Structures are given as structure tokens and as C-alpha cells.
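The structure appears below as C-alpha cells.
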Amino acid sequence: MSAPNSIQHLVSLQDFSDAALSEVLNLSSNIKRVSVAPSLTGRCAGLLFFRGSLRTRSSFEAAVHQLGGHSINLNAATDFWELEARTGSIMDGRAPEHIKDAAAVLSRYMDVLAIRPALAGTSWTEDRRDEDIRAWSEYARVPVINMESALWHPLQALADLMTMRESLGNLESKQLTVCWTHSPTSASPAVVHSLILAALRQGMNVRVSHPAGYELDEEVMSVASDLAVSKGRELETTQDRKQAAEGAHVIYARSWSSISDYGNPTLAASRRSRTVDWTVDEELLSLGSQTRFMHAMPVRRNLEVPDSVLDGDRSLIYEQAENRLHSQKALLMHLLGS
């Protein structure tokens, strides 16, 4: 049975209309400026982590607490077991329980469920389906929030939009440059996928710069291309970092894994070894237009980005991190009708 139509989930920001997105962003800014009365008194949020987390877990728990609610944190490594997502599967494997049953039960305890699903890490074709988070949203009877799947990280994108609006004002026609950076522990492209679509929806022009072999998901980029056309904005991809940085109002550094090498650590390491010069430094920032610097963190200092940029007066990394708290408060209030 699918969740009632009246329940709003957030698997990706595309689940929100432009009006709903603006409402959450405006509320985020208001919450940051003015203390709000506890509006989640008596409400309970379930946070389920199938992967590690620092900012997402702490900011989400703090948001619930500061709004007067209570959170229950469950970690798959220590607190429960693997869950099956596939419909009609014969459960003779490692998972002793189906998401269908877990979602049905937890929906009777909680008012909202926030999930960070596991990634198999062996096949991008498989992982990009986001089967686990979509199963939770199908079977849960309360709002489900995606705390970063293979394809999407809507919570980071909300905080990123809030941060850029604070720094730049109206985002219409502003230039965002997303620059790949070298790291031995590249993440999924979820942050970048969500950021690109969110920025285009706000009327920004977007450039993406990365080495050969680090192309983003084709279907996501096709959606982004159509969105850019509909908004009358520019979306460019290039392997020339300096060209991408020219005139940028924001340079957003991020390392993501190669989709073409996904699940093959030997090939991935070989490809990464040829990209050690991909960093965002002062020289690159100087090519922009009073360029602000952003990074979702964690960041490898003096590898991805030097200290001089991270600690410089144009760095917004701590504002980004703080705004996770405010934007998630606004999201909870929006979803729970508070």
C-alpha cells in the first residue's frame, strides 16, 4: 500500500514545487533571524543511519530538540539489522526484515522518518535507483526525508541555497561554478546533482568543471539541461577549471567518484592518480567576481583546498554548516504543518 497522497516526502528537492521551496527557504531565513517558539512539542522524529554522519545527524537532532520535539537515533551498525527493499523478494539472504514492515511499524511510533540509506558501491546502475529510500517513502505513513542517497542530498542543497541567498541576495543570473577536487575518498555525486538542479531553479547559471571520466549522471544532467532551457539559464560542462571560474560569484568545490569506474577501486585509484592538480586555490578564486567559496565538508585541507581559501574571508563553509540547522528546522515545520 502506498502512502496517502496528503503525505509530503522529500526524496529529492524535485518533490517540492517552486512555491514550496521558496516557502521553506524564506522560513529558514526567518528562523535564523528570530528565535521561534517550540512547534514540535510532543512530536518524535526517527533518524535511521545506514552510513556514518557528522553534520547531518548532529544538525538534525539539534533541530528537532530546539523545536521542542524528540529524536530517536538508530544506527544500522549497532542498533538494528539490514533491511530488504525489493518487492516480492524471497528473503533468504542477510536481511531478516523488509522495509515495508519496518516502515509500517515505525510510522506508528514517529511523526517523521529521516533516512540515510546504505550504498552497495558495486554498480552505479543499481545504486542510482535509490531503491531503499524510495521503499521507505512508499510504505511509510509519515513524511520521509532523504538524508543523502546515491543520487540526491536535498538537505545539503537547501542549506546551500540559503547560504547563497544570504551572501548574494537575489540569485537570478548569478554564476555558480562547481569544481571537482582531488581526494582519495571521493563521495557519490549526490550533493552536486541536488545543487545543480536547485541552483537552476533559482535562476542561476551553472558551470561544472571536472577531469575526463568524472561526468555526472546522464539522466540527472538531461533533467538539468531541460531545466536550464525552461528557465532561460546557461548550463555548461568543461574540463578547463580556469574557464569555468571566470566571472563566478560562487565556486563550489566537491570531489565525487567516477561513475564509469564505480565499483572498481583499482581503476578508480588509477584515474584519481592523474588528477592531483585539481584543487581550488586562491588563483582560481581570483578569476571570479568577488567569488565566494563553498564546500559541503568534510574537506581534506591542503589537498582539495588550501587553508588560505578555507579560512579566508570569502569562505562560506561554516555558514553552510550552520544553515543545515535552520533549513532543517524550516523543513520539519513545513512537513509537519507546524
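Here, each number is a calculation from the coordinates, and none is a lab measurement. Remember, it's a predicted structure, so these values are computed and weren't measured experimentally. So basically every Cβ, Gly included, is an ideal-geometry build from the backbone, and we count neighbours across all protein chains shown.
In plain terms, the residue of Tyr214, Tyr109 with the fewest other Cβ atoms within 10 Å comes first and the most crowded comes last, giving Tyr109, Tyr214. 3J(HN,Hα) couplings calculated from phi for segment 267-276 with the Karplus curve 6.51 cos²θ - 1.76 cosθ + 1.60 (θ = phi - 60°) are, in sequence order, 5, 4, 5, 5, 5, 4, 5, 9, 10, 5 Hz; Gly and Pro show x. What is the distance in Å between the Cα centres of segment 116-148 and segment 158-228? Here the two parts' Cα centres lie 21 Å apart.
Just to verify a number: FRET efficiency for Ala37 and Ile7, C-beta to C-beta distance, R0 = 25 Å, to 0.05? After rounding to 0.05, the efficiency reads 0.50. Listing Leu27, Leu113 from fewest to most neighbouring C-beta atoms within 10 Å gives Leu27, Leu113.
Stretching the chain fully between Asn26 and Ile72 yields a gain of 13.8 nm (0.36 nm per residue, less the alpha carbon separation). Our estimate of slack between Ala62 and Ser173, defined as 0.36 nm per intervening residue step minus the Cα-Cα distance, is 36.5 nm.
Give, as a single signed number, the net charge of other residues whose beta carbon lies under 15 Å from the beta carbon of Arg233, with Lys and Arg counted +1 and Asp and Glu -1. Don't jump to the answer; show the numbers that get you there.
Values: positive: Lys174, Arg201, Arg207, Lys231; negative: Asp18, Glu172, Asp226, Glu234, Glu236.
Net local charge, Arg233 excluded: -1.
With an a/c value of 1.5 or above and a/b not larger than b/c for the gyration tensor axes a ≥ b ≥ c computed over the alpha-carbon atoms, segment 154-321 is described as oblate. Across segment 178-185, rounded Karplus estimates of 3J(HN,Hα) from the backbone phi angles (6.51 cos²θ - 1.76 cosθ + 1.60, θ = phi - 60°) give 9, 10, 5, 10, 6, 7, x, 10 Hz, Gly and Pro being marked x. With neighbour counts taken as other beta-carbon atoms within 10 Å, the residues Met333, Met221, Met297 rank, fewest first, as Met297, Met221, Met333.
Which value, in nm² and rounded to one decimal, describes the direction-averaged projected area of the C-alpha convex hull of the chain?
Working: hull surface 67.4 nm².
Mean orientational projected area (the chain, Cα hull): 16.9 nm².
Here the calculated FRET efficiency for Glu166 and Arg94, from their Cβ-Cβ distance with R0 = 30 Å, stands at 0.10, rounded to the nearest 0.05.
The Cα center of segment 275-338 and the Cα center of segment 54-108 differ in position by 29 Å.
Once the piece of chain linking Ala212 and Gln243 is laid out straight, how much longer is it, given 0.36 nm per residue of separation minus the C-alpha distance between them? Intermediate results must be reported in sequence, preceding the final value.
Details: separation 31, 0.36 × 31 = 11.16 nm, distance 1.55 nm.
Additional length available on full extension: 9.6 nm.
Which of the GluC sites (Glu not before Pro) found in segment 93-201 are in a DSSP loop and have at most 12 neighbouring Cβ atoms, other than their own, within 10 Å?
On the way: sites: Glu97, Glu126, Glu131, Glu138, Glu148, Glu166, Glu172; in loops: Glu148, Glu172.
Those that pass, being in a loop and sparsely packed, are Glu172.
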